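One structure is given here, and the rest of the page talks about it.
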Amino acid sequence: MAILGTINPMLMAGIDFDSDTSWRLEGYLARGGYAVLKEILKSETGREKYISVIKRSGLRGRGGAGFPTGLKWGFMPAFRGGQKYIVCNSDEGEPGTFKDRDILRFNPHAVIEGMLIGGYLMGATRGYNYIHGEIYEIYKRFEEALGEARAAGLLGDNIAGSNFCMEIQAHHGFGAYVCGEETALIESIEGKAGRPRYKPPYTASNGLYGAPTNVNNTESYASIPFILKMGAEAYLDMGTVNNGGTKIFSVSGHVNRPGNYEVPLGTPFPKLLELAGGMRGGRQLKACIPGGVSCPVIPGARMMETTMDFDGISKAGSSFGSGAVIIMDETTCMVKALERIAYFFFEESCGQCTPCREGTHWMYQIIHRIEHGQGRMEDIEVLDSIASRISGNTICALGDAAAAPVESFIKQFRDEFVYHIEHKQCLVPLDVQRAGSGFFKATV
Amino acid sequence: MLTQESLQKIDREITKYPPERKQSAAVAALAIAQDEKGWLSNETIEFVANYLGMTPMAAYEVASFYNMYNLKPVGKYKLTVCTNLPCMLSGGVDAAEYLKQKLGIGFDETTPDGKFTLKQGECMGACGDAPVMLVNARRMCGSMLPEEIDKLLAELE
Ligand SMILES: Cc1cc2nc3c(=O)[nH]c(=O)nc-3n(C[C@H](O)[C@H](O)[C@H](O)COP(=O)(O)O)c2cc1C
Ligand code: FES
């Protein structure tokens, strides 16, 4: 699949998705790639100047937490000696998210250039890109792109004829959602089980192999060359107030054309839905999870009034997350949807923290029994109480991620849970649910 | 214990990390060992551990933590079907049911002829291509509607 639609794109501008060469070095160079890196390496002005452009651009991390990237880069002790690391997070395990895969597939050199610029500005000479275990073909392609950059003198010793030397390697995961959490990801690169570390210390002082390490998402690194090229103001102008730039939204679920769409922040949700071909079978939007399954669910009518940016989504009661927009129409049973989400967090909890390990287990068990007609009315309160006791009581945010959907599904679709418990069956008839998926085309 | 070819691949992984950090290649080395052997026995895990200079227990911990390792023998083809919510909305669960019926097995089971093992998977970062499945942890197949599944099974005969 390709990027299926764009409005005024930045990351995907000028890319020919059908071409075999567009992603390669020659294609990236033809689009003006690596020019910013070369300029920075030659420039006499201080590194702070570039970091301040990133700060002014307002770029917020695209991995889920939305932390300001310029601020994060400023935390790295750039002038302290010793080894430092640049780590790119392409673990992309948040259900509903599949944008980093397409960035690596169609524009891998933008990620490499972003990591190199980061290395130079933060004083790091080694980088790793941690790539999601299931996308082996993309990992191979990224390795190929690294090889191209190396052969062209854009990676390794004396990059582009300067004194700057940096090596970047691809590291392949093997199936663990929690490894997307930055300290678990670092443990995984160290060859261990991916159990998140206590923070502080933060990775900027104590990261990979105990050295200062900057971790950013793929889309964040890939944005850097473009932002430095166009300048902070032009970048801000691409979006809306306080929410500059573009974002790749991964749209999945009940739409006619599920896929990735790069649009300016602030784009109204109905516009994005239209790009994605509208609702499958012309059905009604029942609910949307706008940022991946760890974000609160929003009822359809409210979602239709929302703009796709940090402020708009948070006003609607959810979070921006990773930009994974999961669309559910009226054929969806909300109890079943939540059951599957709860199973995921139960399965993926690393087990270090008791509230998360035990809580995700119990939440799944209880939702499972409601879905299977064995629920009791008090279960709804019990679920709420378990969720509230996990939130904020765990080493990493996986616990909060598990609690948020449970709390929001119950809040927004309480009637459906009550119906399930009273009638021991779904509000949405099974054949209707079955038709919704579009799998058995002939029977629809 | 492993072929020269696998060892070469592991050696290449080791070069990606600082010389005193060979253990960093553990996730990749175990995956390469699994590609060759089909699954990771205790002996294989121990061999990889010794090769990387880590304790067997540390390697076992890695092998048991990540979902894509097989700690038991599997069929010639391991099919992992994503049934997570975004895929479920576009037929992921139906695709799994379809496979169960066609193959006559449930999740975590292997067909009597030893050809197929069926697994339930979590999000593979490809939800736009739902239904999605993975063959032997390496090859991803998208848009797996009934006719595509039939085609894949025929091809894997
Ligand atoms: C359970 C969990 C899973 C995460 N998964 C990812 C992921 O797949 N990709 C990602 O970039 N960030 C993920 N994060 C966020 C990272 O910890 C980190 O904040 C992010 O990579 C920083 O990059 P950014 O500032 O560019 O967003 C996850 C966090 C948690 C708690
Ligand atoms: S939910 Fe199946 S690939 Fe993401």
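The values are calculated or read from the model by the stated rules, or taken from the named source; none is laboratory data. Given the structure is predicted, the values throughout are model-derived calculations rather than measurements. Every residue, glycine as well, gets a Cβ built from its backbone with ideal geometry; the counts of neighbours run over all protein chains shown. What goes into the accessible areas is simple: the full protein's heavy atoms, side chains included, and nothing from ligands, DNA or RNA. Shrake-Rupley method; radii C 1.70, N 1.55, O 1.52, S 1.80 Å.
What nm distance separates the two modelled labels at A:T354 and A:E305, each placed 7 Å from Cα along Cα→Cβ?
4.4
Can you tell me the dipole magnitude for the range A:246-329 around its Cα centre, using point charges on the Cβ only (Lys, Arg +1; Asp, Glu -1), in Debye to the nearest 20? If you can, show how the numbers build up before the last one.
Details: 8 positive and 6 negative charges, 44 e Å.
So the magnitude is around 220 debye.
I'd like the distance separating the alpha-carbon centroids of the range A:229-301 and the range A:129-189, in whole Å.
28
Just tell me which lysines come within less than 16 Å, Cα to Cα, of B:K119; anything on the same chain fewer than 8 places away is out.
Cα-Cα hits under 16 Å: B:K72, B:K76, B:K78, B:K100, B:K102.
Given a Förster distance of 41 angstrom, what is the FRET efficiency for A:I7 paired with B:E5, based on the Cβ-Cβ distance and rounded to 0.05?
According to the calculation, E is roughly 0.30.
Answer rounded, prolate or oblate for the range A:303-409, using the Cα gyration tensor with square roots of eigenvalues a ≥ b ≥ c: rounded when a/c is under 1.5, else prolate when a/b is larger than b/c, else oblate.
Details: a/c = 1.98, a/b = 1.24, b/c = 1.59.
It comes out oblate by the Cα gyration axes.
Name the long-range amide H neighbours of A:R126: under 5 Å, sequence gap of 5 or more, or other chain; modelled H, no Pro or chain starts.
For A:R126, whose amide H was placed from the backbone, the distant partners under 5 Å are A:K84, A:I86, A:E167.
So if I place +1 on the C-beta of Lys and Arg and -1 on the C-beta of Asp and Glu, and nothing else carries charge, what would the dipole magnitude of the protein assembly as shown be about its Cα centre? I want it in debye, nearest 20. Numbers along the way, then the final one.
Numbers: 60 positive and 70 negative charges, 197 e Å.
I would put it at about 940 debye.
Can you compute the modelled spin-label distance between A:F17 and A:A397, with each label point 7 Å from Cα toward Cβ, in nm?
Going from the A:F17 label point to the A:A397 one covers 2.8 nm.
Let's test this: bin the Cα-Cα distances of the range B:38-128 at 10 Å from zero up to the farthest pair and state each bin's percent.
The distribution over the range B:38-128 is 16, 36, 29, 16, 3, given as percents.
Looking only at A:E182, A:E348, A:E422, which one moves most when chain A is put into a Gaussian network model with springs between Cα atoms under 10 Å?
Maximum fluctuation in the GNM of chain A, among the listed residues, is at A:E422.
Say we join alpha carbon atoms closer than 10 Å with springs in a Gaussian network model of chain A; which of A:M115, A:M230, A:M363 then has the biggest fluctuation?
A:M230
Mind checking the angle between helix A:218-230 and chain A's longest principal axis? C-alpha axes, 0 to 90 degrees, to the nearest 10.
Helix A:218-230 and the main axis of chain A meet at about 50 degrees.
Tell me, what HN-Hα J-couplings in whole Hz come from the Karplus equation 6.51 cos²θ - 1.76 cosθ + 1.60 at θ = phi - 60° for each residue of the range B:34-41, using x for Gly and Pro?
Working through the residues one at a time gives 5, 3, 6, 8, x, 7, 9, 7 Hz.
Under 28 Å from the Cα of A:K411, which lysines turn up, not counting those fewer than eight places away in the same chain?
A:K271, A:K286, A:K315, A:K336, A:K424
What is the interface area between chains A and B, defined as buried accessible area summed over both chains with a 1.4 Å probe, reported in Å² to the nearest 100?
Values: alone 17940 and 8890 Å², together 22270 Å².
In total, this chain pair buries about 4600 Å².
By DSSP, what percent of the beta bridges with both residues in the protein assembly as shown are antiparallel, rounded to the nearest 5?
On the way: 26 of 56 bridges.
Of the beta bridges lying entirely in the protein assembly as shown, close to 45 percent run antiparallel.
I'd like the orientation of helix A:354-371 relative to chain A: the angle between its Cα long axis and the longest Cα principal axis, in ° from 0 to 90, rounded to 10.
Approximately 40 degrees, to the nearest ten.
Roughly how many percent of the accessible protein surface of the range A:275-407 is carbon and sulfur, given a 1.4 Å probe and a whole-percent answer? List each step's numbers first, then the result.
On the way: 2270 of 4510 Å².
Within the range A:275-407, the accessible surface is 50 percent carbon and sulfur.
Rounded to the nearest 10 degrees, what's the angle between the helix A:334-348 long axis and the longest principal axis of chain A, both from Cα atoms, 0 to 90?
That helix lies at roughly 50 degrees to the long axis.
Grab the DSSP H runs of chain B that are 4 residues or longer, score each as -39,500 (n - 2.57), total them, divide by all residues and round the 222 nm result to the nearest 500 deg cm²/dmol.
Taking each H run of at least 4 residues, the total per residue is -13500 deg cm²/dmol.
If you average 1/r over all unlike Cα pairs in the range B:4-65 and invert the result, what Kirkwood radius do you get in angstrom? Walk me through the numbers before you get to the answer.
Values: mean 1/r = 0.0885 Å⁻¹.
After inverting the mean inverse Cα-Cα distance, the result is 11.3 Å.
Tell me, what ³J(HN,Hα) does each residue in the range A:429-437 have, in order and in whole Hz, if you take phi through Karplus 6.51 cos²θ - 1.76 cosθ + 1.60 with θ = phi - 60° and put x for Gly and Pro?
Listing the rounded values in order: x, 4, 5, 5, 4, 4, 5, x, 6 Hz.
Name the residue from A:G323, A:Q352, A:Q365 whose Cα lies farthest towards the positive end of the charge dipole of the range A:303-402, charges +1 on Cβ of Lys and Arg and -1 on Cβ of Asp and Glu.
Of the listed residues, the answer is A:Q352.
How large is ³J(HN,Hα) for each residue in the range B:86-96, as worked out from phi by the Karplus curve 6.51 cos²θ - 1.76 cosθ + 1.60 (θ = phi - 60°), to whole Hz, x for Gly and Pro?
Values, residue by residue: x, 5, 3, 5, 10, x, x, 5, 4, 5, 5 Hz.
Put +1 on the Cβ of every Lys and Arg and -1 on every Asp and Glu Cβ in chain A; which of A:P268, A:A30, A:Y343 then has its Cα farthest towards the positive end of the dipole?
Of A:P268, A:A30, A:Y343, it is A:A30.
I need the shape label for chain A. Rule: rounded when a/c is under 1.5, else prolate if a/b > b/c, else oblate, with a, b, c from the alpha carbon gyration tensor. Mind dumping the intermediate values first?
Working: a/c = 2.10, a/b = 1.58, b/c = 1.33.
Prolate is the answer for chain A, as a/c is 1.5 or above and a/b outweighs b/c.
Can you compute log10 of I(q)/I(0) for the range A:246-329 with the Debye formula, treating each Cα as one identical point scatterer, at q = 0.18 Å⁻¹?
With one equal scatterer per Cα and no solvent, log10 I(q)/I(0) is -0.61.
Is there a quick way to get the dipole size of the range B:1-146? I mean about its Cα centre, with the Cβ of Lys and Arg at +1 and of Asp and Glu at -1; what is the value in debye to the nearest 20?
Details: 15 positive and 16 negative charges, 46 e Å.
That gives a dipole near 220 debye.
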